[in-house]
Amino acid sequence: MAARLLPSWVWVSGLTAGATVAVVFVALQADKGPHPTAAAVRPSASASAGAHASASPAPTKAPAVPAASGTGRRIVYSLGAKRVWTVDASDKATRTFTVWPGTVSPDPGTYTISKTLASTTGSDGVQIEHILYFAAKSGLSIAFSNAVDGSSPAPAAGKQTSGIRMPKADGTALWTFGTEPDTKVTVVK
């Protein structure tokens, strides 16, 4: 019996199907990896969440705004939690996210955004943007900002730094919130 060769379209179809299975497998494996810690208070479900809901961990509730952080529209910064909240006039948190503080931290208390700067170079040499100054300590100005390239800051090797950095999307949101006139910042332990 002579062997019969399959048409080339059968081979191409088989290779395409195999490649598709491999891509789907890799995508599902990547979805199980670590995810960013910054989150909005009201996270939205992804379009693919229902497709593999049993494989995903249960959503976690965003931490509540610290009780002793005042009232009204404000930015709340928790030194211990390394977390920021934006709070609207009705005392409802509109966003919360973790931050990377510098080596010099502000004292607990209430401040007002005193100066805003769209961009500059940080004391660590990194290009930063969305700078919201609100306090001073040890001769340094303390401000919220994010790196222009979205990177997290490297540890300060024996250098005093006072910037409170955050992921780029959170820096943009905080800038929008914090550039309103007379925005208060409450620092808690």
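The values are calculated or read from the model by the stated rules, or taken from the named source; none is laboratory data. Worth saying up front: this structure is predicted, and the values here are computed from it rather than measured. Counting neighbours? That spans all protein chains shown, and the Cβs are built from the backbone with ideal geometry, glycine included. Protein only, heavy atoms only, side chains kept; ligands, DNA and RNA dropped before computing areas. Shrake-Rupley method; radii C 1.70, N 1.55, O 1.52, S 1.80 Å.
Contact map, region 144-155: residues that are among the hydrophobic types (A, V, I, L, M, F, W, C) paired with residues that are open to solvent by 40 Å² or more (accessible area, probe 1.4 Å) and outside any loop (DSSP other than H, G, I, E, B), Cβ distance under 6 Å, separation 6+ or inter-chain. Pairs shown: Val148/Gln127. From the list Asp124, Asp149, the one residue that fits, being modelled with pLDDT under 95, under 17 Å from Thr172 (Cα atoms), charged (D, E, K, R) and out of contact with any helix residue (DSSP H, G or I) (no Cβ under 6 Å at 6 or more places or on another chain), is Asp149. Residues that are of a type in the set (Gly, Ala, Ser), buried (at least 17 other Cβ atoms within 10 Å of the Cβ) and part of a loop (DSSP other than H, G, I, E, B) within region 127-166 comprise just one, Ser162. Could you say whether any residue in region 162-175 is at pLDDT below 95 and more than 22 Å from Ala62 (Cβ to Cβ)? Yes, region 162-175 has at least one match.
Here Asp170 fulfils each of the conditions (1) surrounded by fewer than 14 Cβ atoms within 10 Å (Cβ to Cβ); (2) in contact with a strand residue (DSSP E or B) (Cβ under 9 Å, 6 or more places away or on another chain); (3) acidic (Asp, Glu) apart from (1). The listed residues are Asp182, Asp124, and the only one of them that is acidic (Asp, Glu), closer than 22 Å to Pro66 by Cα and open to solvent by 60 Å² or more (accessible area, probe 1.4 Å) turns out to be Asp182. Based on this model, can you work out whether Tyr77 counts as aromatic (Phe, Trp, Tyr), on the phi < 0 side of the Ramachandran plot, more than 15 Å from the chain's Cα centre (by Cα) and in a strand (DSSP E or B)? Answer is no for this residue. Exactly one residue among Ala89, Ala67 is at pLDDT 90 or above, open to solvent by 60 Å² or more (accessible area, probe 1.4 Å) and under 25 Å from Thr172 (Cβ atoms), and that residue is Ala89. Candidates in region 106-121 are the residues that are open to solvent by 40 Å² or more (accessible area, probe 1.4 Å) and in a loop (DSSP other than H, G, I, E, B); of these, the one that is nearest to Thr71 (Cα to Cα) is Pro108.
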